[in-house]
Amino acid sequence: MGRYLLKTIMWIIPTLFGVVTIVFFLIHLTPGDPALAILGSHATAEAIQELRKSLGLDQPLYLQYLRFLGNLLKGDLGRSLVTEQPVLLETLRPFPYTIHLALAGVVISLLVGIPVGVISAVRRNTFLDYSMRAASISGVSIPVFFLAIILLWIFSYHLKWFPIIGVGDTSSWWSLLYHLVLPATTIGISMAVLIMRLTRSCMLEVLGQDYVRTARAKGLAEKSVIMVHALKNALLPIVTVVGLYMGQLLGGAILTETVYARQGVGKLLMDAILARDYPQVQGTVLIFASAVIFVNVIVDILYRFLDPRIKL
Amino acid sequence: MIQQESLREKKKRKRIGTVIFRFLKQNPLALFGSVVILITILTSILVPVLPIQDPLHQNLPNRLKPPSADHLFGTDNYGRDVFSRVIWGGRVSLLVGIFSVVIGSLIGVTMGVISGYFGRYVDAGIMRITDILLSFPALLLAMAICSAIGSSLWNVVVAISIVTVPRFSRLVRGSTLSVKEADFLEAARALGQNKTKIIFFHILPNISSPILVLATLWIPAAIITEASLSFLGLGVMPPTPTWGNIINEGKSYLQNAPWISIFSGIIIVLVVMAFNFVGDAVRDAFDPRLKGEREVGRG
């Protein structure tokens, strides 16, 4: 156990370091002078020089990099050029909205994906199975942002059942929930099709195992064979893969937030990119990527805990 | 001798032809997919000579008109013909999708083979880079690259290629490791063949099927990523039409002119689905172990 944890940590540190390095140099490769971009083309040469100095842009790149690393260790990601607030604070403020969206999306996708996958596996090669598989392959082929637009068009513009934009009135949870329905359904559907395919193939594998045959031979009801003996064993890989979809989930969240104009982290990132607010872009990308790394590690550890066959 | 050789070649080609024919006959979905892909590629190549309207021609009095005989998919906010924009957009989207997978897989395969074959420090270094690239969500990495190097057609290709590379290098490293210890490689080494020859004539042919499968499944993923980038305004810039930016422009007119976004979206879904049908069938035929690989490609 101890050795495994040590190994994981030894893996996280260089990976995080690599991510930080890539993001830093990517952002600083950007052609054009950020100071010029902030002040506009009418600014005087002195003003630009002044700003460059205060941002530390006049120093050589490696010094900027070292200073960035140093600040990062202190938890300082710099200040946003637009709001002049610390980047970390700016990023954490809209975080709850993105978490709401992601969690609600995952819950919907599990509630839809697992039962449909189980039914599809149990009724293998029937009309029901074929139609569910056809639905899932169409679902896999729909880009998340287009799904969001279709739902928006049908349910907000046509039927007027749901609001068009925003996260709603932050003081009322009812309003928050109401504004969450369509975006969460978008994410939910786009993940459910993946989970359904996965559940189906895991179930098919488990249903072919000896212990399932034993359970049937004992004369157990088919329902309990499927629910207890098969599904329980199929759930483990499903849970793991859901964790590994984290990156995709965040990508989907960025697109969904853009369509529904939700003030989440994805929209923050888009706004920062468009405003050329480079410290904010840098910070948001870093926080996103680290979140994915940590979730993957946690899922890996959980998997090892849950699966007695794997020795720690 | 030469004649014999060419006869053998012919026989071989015929055999490949029958194999493909039989494969498509057994997989109606793959057949449908191939037909759609073929039509899309042909129209994309022939679009300059097709009798369709200029996708950039503005006709303001005629703006936001619903679909009609003159404008199959209606007109957009500048009075441009949406049908011709979607057809021209397909040219860009398909080009980006195919090119970025070709470039990304070439680099990824090279890295993977080197990593798997030479092992040790080279392997550790390449796999570290792969791990780091894989820890970024695909769309996020593509967004970051595009916002850094600017949005042009080739920059989008570069961004999506970089996202594609680690997927291939990891797969190819694993496959290389599994054939590395095979007896026929031992024999080739014993005969004194050099490393380049071993890699090109013995390793690559033996790991080509998983590479082919991953490539077929990554083309639709690359098309979706390109569309997502253009939709966010980080991909190919208007007025050049791509499927993503047509949907983005139409988004503001969803209330009065939904046809701008909807038609273009339906075409993306159709083409991506066609690639997925073919990809699934190819995977089942070649390598059932790859199940689930595609899932990494979305988002």
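FYI, it's all coordinate maths here, none of it is from the lab. Predicted model only: the values in this text are computed from it and were never measured. Because the Cβ atoms are built from the backbone with ideal geometry, glycine has one as well, and the counts that use them run over all protein chains shown.
What the table shows:
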read-out	value
FRET efficiency estimate (nearest 0.05) - Cβ-Cβ, A:Val228 to B:Ile129, R0 51 angstrom	0.70
Residue among A:His229, A:His42, A:His28 with the largest mean-square fluctuation in a Gaussian network model of chain A, springs linking Cα atoms under 10 Å	A:His42
Likely footprinting exposure, B:Arg85, B:Arg120, B:Arg128, fewest C-beta neighbours within 10 Å first	B:Arg120, B:Arg128, B:Arg85
Cα-centre dipole for the protein assembly as shown with unit charges at Cβ (Lys and Arg positive, Asp and Glu negative), debye to 20	2160 debye
Shielding by other protein chains, A:153-162, mean Cβ within 10 Å	2
Under Karplus coefficients 6.51, -1.76 and 1.60, residue-wise ³J(HN,Hα) of region B:132-145 in Hz, glycine/proline x	5, 5, 6, 7, 7, x, 3, 5, 4, 5, 4, 5, 4, 5
Using alpha-carbon coordinates, inclination of helix B:208-231 to the longest axis of chain B, degrees	30 degrees
Sorted by Cβ density within 10 Å, fewest first, the residues A:Met270, B:Met237	B:Met237, A:Met270
Between helix A:127-141 and chain A: long-axis angle, C-alpha atoms, 0 to 90°, nearest 10	10 degrees
Near-label residues of region B:171-188 by backbone N, under 20 Å of a point 7 Å along Cα→Cβ of B:Phe286	B:171-180
Residue-averaged beta-carbon neighbours from other chains (10 angstrom radius) around A:188-196	1
Cα gyration tensor, the protein assembly as shown - rounded (a/c under 1.5), prolate or oblate	rounded
For region B:21-29, 3J(HN,Hα) per residue [Karplus equation, 6.51 cos²θ - 1.76 cosθ + 1.60, θ = phi - 60°, Hz, x = Gly/Pro]	4, 5, 4, 5, 5, 7, 10, x, 5
Distance from region A:72-136 to region B:224-248 (C-alpha centre basis), Å	23 Å
